Amino acid sequence: MYPFPHPVPRPLLLKRSRRRPLLGVLAVLGLGASACGTGTSAGSSTVVVNIGFQSKTINTVTAGTLLRQRGTFERRLNAIGKTSGVHYKVVWQDFPSGPPLTAQMIAGKVDIGSMGDYPVLVNGSKTAEFPDASSELVAVTGYNLRGSLNEVVVPKDSPAQKLTDLRGKVVSTSVGSAAHGMLVNALRKNGLSPDDVKLLNQEPAVGASALQGKQVAALSQFVPWPQLMVFRKQGRLLYDGGSNGVPTFHAVVSRKAYADDHPEVMRAFLESVRATADYLNKNPLAAAQQVAKATGIEPEVVYLYNGPNGLVTFDPTIKPQLADALSKDLPFLKDLGSVKNLDLDKFVNDSYLRKIYGASYDAASKSTASPNTLSGRDPVCHEPVKDPRTASEVWFSGQKSTRVAATPTCLLRQIVAHDGGVRAAYVPDAKNGTRMFASAATWVLDPDRAANSRLLPFAVTADADSYLADHSDARKLGYEAALEAAS
């Protein structure tokens, strides 16, 4: 698996007005005593901004990997500097997950960062203990209202077919993450308690290696790890977090002290996040390839999440549903001891975005319409592509663009008719619409349905079995058999 680099920035001096003793904090965090804060370098007109991001977490690319690749933020700061005479220096720091990013924010070495919803709450609670580090949630990067960014995978040859088959087994997860919370909710939803499995606290890359080595029975993780393992044929999807129906998202947090000192930096950063989201939504395939080049994650996997009808909706506005989800996530983290107290009304601050969006913000924040959907006309079934519950897509080898299909059945026909290889084919789950790889689906042939809709893909075997139980003439197929049935 790919490593998660965690560079340590060059020590910088705090402005005298913001200087504070850090020895106690550093001792707690196990960091060196030389750690210092950020801001305006002493004796110079240089403003330093340290950005913490997670390069492999696809849901944060508009505030991290893609934003960095495109240089949008730096260009905005350079334009500001030409007018003000101030030089801005951006230091990018890559983290494997939210907790180490939060530790560096407490130490004054990260000013703006992006992380998942559960780590965001931990960030807000822990930074609140240190006035100069106190943070605010200022924007969203990407979200999934059903929760399908967190999933459980098992080895391909695992006998487990449903979540209850993990009873008594070892499951790797990152404790305190959204994937951990999803797993606990899923276990309870399926009649189990968290004590019915043996949780092993591991970083995503470590857990993925453990699953490959069959040292654990399952891996519960956040985007992109589950589908990355599915694509690499190193795992099989057992449970989709979307079945919980609980929104999940990643967000941007900033140190309030830094934002107060440098409002122009905050505005430039959030304007850049918005511009990057717009670029991604208008150019999803190109954006996926840029992220893939920067991270080493296969572009086919990035596109599963970031493409049209993808698992992630990229929009920086703070939706009411997402703010409400935080209030429901908070008790879980309090029970874990990860969070003490956090005033969400003060922590969630959309005032920066309101200044950027102006009068359009309220409407934008209430809208959950996807800005990036599949459309066109099916070249084989000759139907319009418009229903997100069935719209499908194929990326043929050697092609610079993808092709759309009206239904999964039509997609399979298109693949059969094509003379060449397939990089990836994407279909929506027949039960809940979750976008997935066609080759990893459990297919069902139902002869009683219309000709163009007879082949149904399911993300997990248990859902296919439930469909078969209610449709006596239907039968289960593998991917190759489904292709034969489509021809």
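The values are calculated or read from the model by the stated rules, or taken from the named source; none is laboratory data. Owing to the predicted nature of the structure, the values given are computational and were not obtained by experimental measurement. Here Cβ is always computed from backbone atoms with ideal geometry, including for glycine, and neighbour counts include all displayed protein chains. Surface accessibility is based on the protein's heavy atoms, side chains included, excluding ligands, DNA and RNA. Shrake-Rupley method; radii C 1.70, N 1.55, O 1.52, S 1.80 Å.
Points worth noting:
- Taken as a whole, the condition of being of a type outside the set (A, V, I, L, M, F, W, C), part of a helix (DSSP H, G or I) and closer than 15 Å to Thr407 by Cα does not apply to Asn432.
- Asn341 being over 30 Å from Val416 (Cα atoms), among the polar types (S, T, N, Q) and at pLDDT below 95: yes
- Residue in segment 334-346 that is touching a residue at least 12 places away in the same chain (Cβ under 8 Å), assigned to a strand (DSSP E or B) and surrounded by 14 or more Cβ atoms within 10 Å (Cβ to Cβ) present: no
- Qualifying positions in segment 311-333 - part of a helix (DSSP H, G or I), open to solvent by 10 Å² or more (accessible area, probe 1.4 Å), touching a residue at least 24 places away in the same chain (Cβ under 8 Å) and in contact with a helix residue (DSSP H, G or I) (Cβ under 8 Å, 6 or more places away or on another chain): Pro320, Ala323, Leu330, Phe332
- Residue count for segment 423-433, restricted to those that are under 16 Å from Ser370 (Cβ atoms) and surrounded by fewer than 21 Cβ atoms within 10 Å (Cβ to Cβ): 2
- Within segment 471-482, residues that are at pLDDT 95 or above reach partners that are charged (D, E, K, R) and open to solvent by less than 40 Å² (accessible area, probe 1.4 Å) with beta carbons closer than 8 Å, at six or more positions or on different chains, in the pairs His471/Asp446; Asp473/Asp446; Ala474/Asp446.
- Only listed residue being open to solvent by 10 Å² or more (accessible area, probe 1.4 Å) and at positive phi, chosen from Gly213, Gly245: Gly245
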